[in-house]
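Everything below concerns the one structure shown next.
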Amino acid sequence: MSDWQSWASVAVFAGVYLLIVTEWVHRVAAALGGAALMLAIGATDDVSAFHSEETGIDWNVIFLLMGMMMIVGVLKRTGLFEYLAIWSVKRARARPFRVMTMLVVITAVASALLDNVTTVLLVAPVTLLVCERLKLPAMPFLLAEVFASNIGGTATLVGDPPNIIIASRAGLTFNDFLVHLAPLCVVLIAVLVLLCRVMFAKYFVYDEERAAEVMELREREAITDPRLLALGLGILGLVVAGFVLHPVLRYEPSVVALLGAGLLVAVSKVETSEVLGEVEWPTLAFFAGLFVMVGALIETGVIGELATSLAGTIGGAALGGSMLLLGGSAVLSAIVDNIPYVATMAPITGELVTEMGGDPDHVMWWALALGADLGGNATAIGASANVVVLGIAERNRQPIGFWQFTKYGLVVTAATIAVSALYLWLRYFVLA
């Protein structure tokens, strides 16, 4: 690639980012327009954009989202989400902060077992119904959940796609992530709950009359189609098992999700057109455009140069290097999707670990994972779960703006990265 194409690709990406930030143009139009410009200037081509695993559209992510959206679309027709909404509100005695805390913990735990995108697809509809019942704005609850999903997904190998890339490159196991990151994530969820108590305090308005009405509801009456619910939950259980057994079955999550969606549509009486109508097509289109743009930055060597510069600055200093990698990864993952960033940075981190004579579970790997995963909370496009939740909110006529997300996301990211830095220092340098 020529220098002018590198600079042009940066200019296109910066321009699109500006349009998304200012909301002058809808984010889907901006992303697709940016992808078209990247193709027009030759920063990428059709083969790289549509067929390359490293620099093109990640079809596994697209079809994973599509399959899970279809499954959720069928489950919505059973009354399951109404049931869960009433159940959760009653257990929290209809107190808004208690409800938020319950949803945050549920989301974090589920994100550690599933991927965080699947989790928010399942939890967001419940949240919208909870807020509707209590006459509360959905924004703070949805934001708290997406923050929790990114934190919870950090705890395990399967919780966030960057972790899978890191595990493959470093030779780490599921148990390695549990031992090294899960204890920290428990602390980070507690920090998140405290932050939510402060950031969203003005939204925790307790309406005694509405609370009394909800407490009188019988959640079992919300189930409208027990047969379809049994089928849906059974197939969802098989899909989750397929995710967990990926190392054995060797089926990509996207394949598992599409198989589950296809089976559920086939055995249920729901019209296919109705199920496809539940798919968040604008969200999928936004991801496609974003993947093409970031792929162009990889093709032109821009992301590689950034990663190499970061590695050159680190040198062989383990303590300073891990802190710089943690912070640098957080900043870059807030700007570009963390999946291509980690794919680019993982081999460079591997070389650094080798030069430092480190073990496979070297502190540098955990710094990279924490920075990339937690940095995704900073902006609306920092992680896949963020984009999905914003799409759901917009579809339900409760849109969340870029800056509305970011002003809270930056606080959460700064706090969790600071706690993570303290954790890395204590565990790997003071107590080691």
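Principal axis extents for the stretch 232-317, Cα atoms only, whole Å, descending order, please.
If we take the Cα atoms of the stretch 232-317, the spans are 59, 32, 17 Å.
Which of rounded, prolate or oblate describes the stretch 143-261 when judged by the alpha-carbon gyration tensor and an a/c cut-off of 1.5?
Numbers: a/c = 3.32, a/b = 1.26, b/c = 2.64.
Here the stretch 143-261 falls in the oblate category.
Measure nothing fancy, just the Cα-based angle from helix 96-113's long axis to the longest principal axis of the chain, in degrees from 0 to 90, nearest 10.
Helix 96-113 sits at roughly 50 degrees to that axis.
Once the whole set of protein chains is in place, how much accessible area is left on Val21, using a 1.4 Å probe, in Å² to the nearest 10?
20
Taking the chain as a Gaussian network, where each spring joins two C-alpha atoms under 10 Å apart, which residue of Gly232, Gly375, Gly320 fluctuates the most?
Gly320
Take the Cα radius of gyration of the stretch 1-151 and divide it by 2.2 N^0.38 Å, with N its residue count; two decimals is plenty. Kindly include the intermediate steps, with their values, before the conclusion.
Working: Rg = 20.0 Å, N = 151, 2.2 N^0.38 = 14.8 Å.
The stretch 1-151 yields a ratio of 1.35.
Tell me the angle of helix 384-395 to the major Cα principal axis of the chain, expressed in degrees between 0 and 90 and rounded to the nearest ten.
Helix 384-395 sits at roughly 40 degrees to that axis.
Using a 1.4 angstrom probe with every protein chain in place, what is the largest-first accessible-area order of Glu221, Glu82? Let's see the in-between values first.
Values: Glu221 135, Glu82 60 Å².
In descending accessible area the options line up as Glu221, Glu82.
Would you compute, for the Cα atoms of the stretch 382-424, the largest minus smallest coordinate along each principal axis and list the three values in descending order, in whole Å?
The Cα atoms of the stretch 382-424 stretch 41, 18, 12 Å along their principal axes.
Can you tell me the dipole magnitude for the stretch 177-294 around its Cα centre, using point charges on the Cβ only (Lys, Arg +1; Asp, Glu -1), in Debye to the nearest 20?
Numbers: 8 positive and 13 negative charges, 108 e Å.
Taking the Cα centre of the stretch 177-294 as origin, the dipole is about 520 debye.
Using Cα springs under 10 Å in a Gaussian network model of the chain, which residue among Ala35, Ala378, Ala11 shows the largest mean-square fluctuation?
Top of the fluctuation ranking is Ala11.
Which whole-number percentage describes the relative contact order of the chain, with Cα contacts under 8 Å and a sequence gap of 6 or more? If you can, show how the numbers build up before the last one.
Values: 647 pairs, mean separation 108.0, N = 432.
Reported as a whole number, the value is 25 percent.
As a check on your grasp of the helix formula, calculate [θ] at 222 nm for the chain: sum -39500 (n - 2.57) over DSSP H runs of n ≥ 4, divide by the residue count, round to the nearest 500.
Working: 23 runs with 326 residues, N = 432.
The helix contribution divided over the chain gives -24500 deg cm²/dmol.
About the Cα centre, and with charges only on the beta carbon of Lys, Arg (+1) and Asp, Glu (-1), how big is the dipole of the stretch 7-98? Nearest 20 debye, please. Show your work: numbers first, answer last.
Values: 8 positive and 7 negative charges, 243 e Å.
Once rounded to the nearest 20, the dipole reads 1160 debye.
Aspartates and glutamates within cross-link reach of Lys269: Cα-Cα under 15 Å, excluding same-chain residues under 8 positions apart?
Those aspartates and glutamates meeting the cut-off are Asp225.
Return the sequence-ordered ³J(HN,Hα) values of the stretch 178-183 in whole Hz as given by the Karplus equation 6.51 cos²θ - 1.76 cosθ + 1.60 applied to θ = phi - 60°, using x for Gly and Pro.
4, 5, 8, 10, 4, x
Quick one: with all protein chains in place, what share of the accessible area of the chain is carbon or sulfur, to the nearest percent (1.4 Å probe)?
Values: 11430 of 17920 Å².
Its accessible area is 64 percent carbon and sulfur atoms.
Heavy-atom accessible area of Phe63 with all protein chains present, probe 1.4 Å, nearest 10 Å²?
Phe63 has an accessible surface of roughly 80 Å² with all protein chains in place.
Where does helix 281-299 land angle-wise versus the long Cα axis of the chain, in degrees 0 to 90, nearest 10?
That helix lies at roughly 10 degrees to the long axis.
The stretch 203-268: Rg/Rh from Cα coordinates, Kirkwood Rh? All intermediate terms of the calculation are to be shown ahead of the outcome.
Working: Rg = 18.5 Å, Rh = 14.8 Å.
Rounded to two decimals, Rg/Rh equals 1.25.
I'd like the distance between the alpha-carbon centres of the stretch 1-27 and the stretch 65-86, rounded to an integer number of Å.
Their Cα centres are 36 Å away from one another.
From the protein chains alone at 1.4 Å, what is the descending order of accessible area for Tyr423, Tyr83, largest first?
Numbers: Tyr423 40, Tyr83 60 Å².
Sorted by accessible area, descending: Tyr83, Tyr423.
Run the reach check for Lys90 against lysines, Cα to Cα strictly under 17 Å, same-chain hits fewer than 8 apart removed. What comes back?
Lys135
What number comes out for accessible area per residue over the stretch 201-294 if the probe is 1.4 Å? Units Å², please.
Working: 5280 Å² over 94 residues.
Roughly 56 Å² per residue, with all protein chains present.
Provide the per-residue ³J(HN,Hα) series for the stretch 235-249, in order, calculated from phi with Karplus coefficients 6.51, -1.76, 1.60 and θ = phi - 60°, each as a whole number of Hz, with x at glycine and proline positions.
Result, rounded to whole Hz: 5, 4, x, 5, 5, 4, 4, x, 4, 5, 8, 3, x, 8, 6.
Rounded, prolate or oblate for the stretch 268-397? Axes are the square roots of the Cα gyration tensor eigenvalues, ordered a ≥ b ≥ c, and the cut-off for rounded is a/c under 1.5.
Details: a/c = 2.74, a/b = 2.41, b/c = 1.14.
Cα axes put the stretch 268-397 in the prolate bin.
Given the peptides 266-276, 247-257, arrange them by the average over their residues of other C-beta atoms within 10 Å, most packed first. All intermediate terms of the calculation are to be shown ahead of the outcome.
Values: 266-276: 13.2, 247-257: 16.0.
Going by the mean number of other Cβ atoms within 10 Å, highest first, we get 247-257, 266-276.
The values are calculated or read from the model by the stated rules, or taken from the named source; none is laboratory data. A quick note: this is a predicted structure, and the numbers were derived from the prediction, not measured. Counting neighbours? That spans all protein chains shown, and the Cβs are built from the backbone with ideal geometry, glycine included. In case anyone asks, the SASA skips ligands and DNA or RNA and just uses the protein heavy atoms, side chains included. Shrake-Rupley method; radii C 1.70, N 1.55, O 1.52, S 1.80 Å.
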